[in-house]
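Heads up, the thing below is written out as structure tokens.
The values are calculated or read from the model by the stated rules, or taken from the named source; none is laboratory data. Values in this document were obtained by computation on a predicted structure and should not be read as measured data. Neighbour counts run over all protein chains shown; Cβ positions are idealised from the backbone, glycine included.
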Ligand code: F0G
């Protein structure tokens, strides 16, 4: 499918995954090297209840990236990175991770027949993500240091020819992840949202999403996009709204954080690799990067589940928490359509869900007791 037509999970033809749907806007990949689990094509779902909560006239949507094959947005970039590694004759892929990158790398490597090694901060990744890396057959190396240290170690291996680093410092990852912007515009019928909110950790995703919007806008204005909706928004780009956890907010503070702290382990990062890309996205879009507290993250996490029926992992809820906070502060005036990327599936971290929810109630296995309990 050409970039101008933009990808759609249409009813006419089956979805073919990120590489084949977006070939025209991606680096070259020979057909026999394509490694795909048919990622991408995720739903853009309206949030009527939280729209009302955020402010008058707002139309909030979530782009549910947890519906990718390994349950996070990483699959969009991983299909490109692993396909390109395979095309180059690599023998193994390597990454540092707070969990989702390792799950995705392990799955795509398995499918490609490549070895996979992941370096994780010991005891600091959600159980579901660890289970994924293990069952897909990766070698899992746990270090005592944090994610930033793990990435430093992995970077020192980036010169080894047969081992390809598949963190977002690999530009192929950014290329794949930019496709989300095309899907959002497609789902909105050719309109560009007024703002796009994301959680920010290593800052690859905000960099990539902005890149997608910028490239799409450049092509749309150059080609004089046809159709009323398309021409109204040719060249338009959203404001990028990035949210870091308060205890892990190096970009907001303007300085590296040595010992980042947050319950949102996916974004517990003190020295983001794509720092500059995030600042560019913020400044060129006229957006912002701010903090949300762990309480605000967990509040949005529960609200998403309880009033919208959408279960995401805690870090994902930072985008929604940030938008709700800006709404409460009266800072969303002039904006109407806002898209929040929710980056990972809630089942990645079942322990957190159980710990914040109402307790399970024990009842006797007696119909009378059951009736009383339910109707009381
Ligand atoms: N949300 C989730 C669920 C993530 O796993 C990550 C990053 C982010 C948000 C932030 O995205 O790093 O591009 O700014 N996870 C990485 C990992 C670091 O190793 O899985 P980012």
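Brief remarks on what is shown
- Residue in the range 346-365 that is at pLDDT 95 or above, in contact with a strand residue (DSSP E or B) (Cβ under 8 Å, 6 or more places away or on another chain) and farther than 18 Å from residue 58 by Cα present: yes
- Across the range 356-376, the number of residues qualifying as assigned to a loop (DSSP other than H, G, I, E, B) and under 41 Å from the mean Cα position of the chain (by Cα) comes to 7.
- When the residues of the range 331-356 are filtered to those that are under 24 Å from residue 45 (Cα atoms) and away from the ligand (no atom under 16 Å from the Cβ), the one that is surrounded by the fewest Cβ atoms within 10 Å (Cβ to Cβ) is 334.
- In this structure, residue 205 does not qualify as in contact with a helix residue (DSSP H, G or I) (Cβ under 7 Å, 6 or more places away or on another chain), more than 12 Å from the ligand (Cβ to nearest atom) and within 25 Å of residue 248 (Cβ to Cβ).
- Residue 42 being part of a loop (DSSP other than H, G, I, E, B), crowded, with 22+ Cβ neighbours inside 10 Å and touching a strand residue (DSSP E or B) at 6+ places or on another chain (Cβ under 6 Å): yes
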